[in-house]
Amino acid sequence: MSGVVEYVDVAVPIRTAYDQWTQFEEFPHFMEGVQEVRHLSPTMTHWTVEISGVRREFDAEITEQLPDERVAWRSIGGAQHAGVVTFHRLDEHTSRVTLQLDFEPHGAVEHAGDTLGVVDHRAKGDLERFKQFIEGRDQATGAWRGKVDRPQP
């Protein structure tokens, strides 16, 4: 498994940053290569992505969600990846959004991309575009404030 950790500070309250992140259908507006994300249930999403001309579809399960704190997920079937986004209050009007991804590269192209830091660069760019997206509107496009408890070992 390979991993990436990136963060961005956004000039919005933590609730606004968190609420926007829970609007998965909006991800194509700021995540490179993401064509569509659909909610299938409160804890399941279906993703369509295109990376380097390769189109993939997969489901992801939200494994933990605590309002204003974190959203964690893992893929179901296909290429294995998992991640967590955490939200940190810096002050009343500023928040830090931290993204941690763990993934299993497949094939020579993905291994080369991992070695060259392509995923790190993309994650950093996605967070910067998230910053522009949320700061440009100053409010979330919606919110899902439900709680998903971490699975017990």
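The values are calculated or read from the model by the stated rules, or taken from the named source; none is laboratory data. All values reported here derive from a predicted model rather than from experimental measurement. Glycine also receives a Cβ, built like all others from the backbone with ideal geometry; neighbour counts cover every protein chain displayed. Surface accessibility is based on the protein's heavy atoms, side chains included, excluding ligands, DNA and RNA. Shrake-Rupley method; radii C 1.70, N 1.55, O 1.52, S 1.80 Å.
Can you find even one residue in the range 54-62 that is more than 14 Å from the chain's Cα centre (by Cα) and either modelled with pLDDT of 95 or more or more than 18 Å from Phe103 (Cβ to Cβ) (or both)? If you could, list the steps in order and put the result at the bottom.
Going through the range 54-62, the residues more than 14 Å from the chain's Cα centre (by Cα) turn out to be 54-58.
Checking the rest, the ones that are also either modelled with pLDDT of 95 or more or more than 18 Å from Phe103 (Cβ to Cβ) (or both) come to none.
No, the range 54-62 contains no residue that is more than 14 Å from the chain's Cα centre (by Cα) and either modelled with pLDDT of 95 or more or more than 18 Å from Phe103 (Cβ to Cβ) (or both).
Being of a type in the set (A, V, I, L, M, F, W, C) and surrounded by fewer than 17 Cβ atoms within 10 Å (Cβ to Cβ) is the filter here; which residues of the range 85-97 pass it? Before you say what the answer is, go through the steps one by one.
The initial filter retains those residues of the range 85-97 that are of a type in the set (A, V, I, L, M, F, W, C), namely 85, 87, 90, 97.
Selection gives Leu90 alone.
Please go through the range 10-50 and give me each residue that is assigned to a helix (DSSP H, G or I), closer than 20 Å to Gly78 by Cβ and either of a type in the set (A, V, I, L, M, F, W, C) or open to solvent by less than 10 Å² (accessible area, probe 1.4 Å) (or both), ordered by number.
Keep residues of the range 10-50 that are assigned to a helix (DSSP H, G or I), which gives 14-21, 24-29.
Right, trim to closer than 20 Å to Gly78 by Cβ and you get 24, 27-28.
Hits for the range 10-50 are Phe24, Phe27.
Mind listing whichever residues of the range 51-77 are within 15 Å of Arg150 (Cα to Cα), in contact (Cβ under 8 Å) with a residue 60 or more places away in the chain and either in a strand (DSSP E or B) or open to solvent by 50 Å² or more (accessible area, probe 1.4 Å) (or both)?
Passing the criteria: Ile62, Thr63, Glu64, Gln65, Leu66, Ala72.
Quick check on the range 98-127: of everything there that is small (Gly, Ala, Ser) and open to solvent by 40 Å² or more (accessible area, probe 1.4 Å), which residue is modelled with the highest pLDDT?
Just the residues of the range 98-127 that are small (Gly, Ala, Ser), to begin with: 107-108, 112-113, 117, 123, 125.
Still in the list and also open to solvent by 40 Å² or more (accessible area, probe 1.4 Å): 107-108, 112.
Values: Gly107: 57, Ala108: 49, Ala112: 48.
Per the stated criteria, the residue is Gly107.
When you go through (1) touching a strand residue (DSSP E or B) at 6+ places or on another chain (Cβ under 8 Å); (2) under 17 Å from Glu135 (Cβ atoms); (3) basic (Lys, Arg) one by one for Arg56, which number turns out not to apply?
Looking at each condition in turn, Arg56 falls short on (2).
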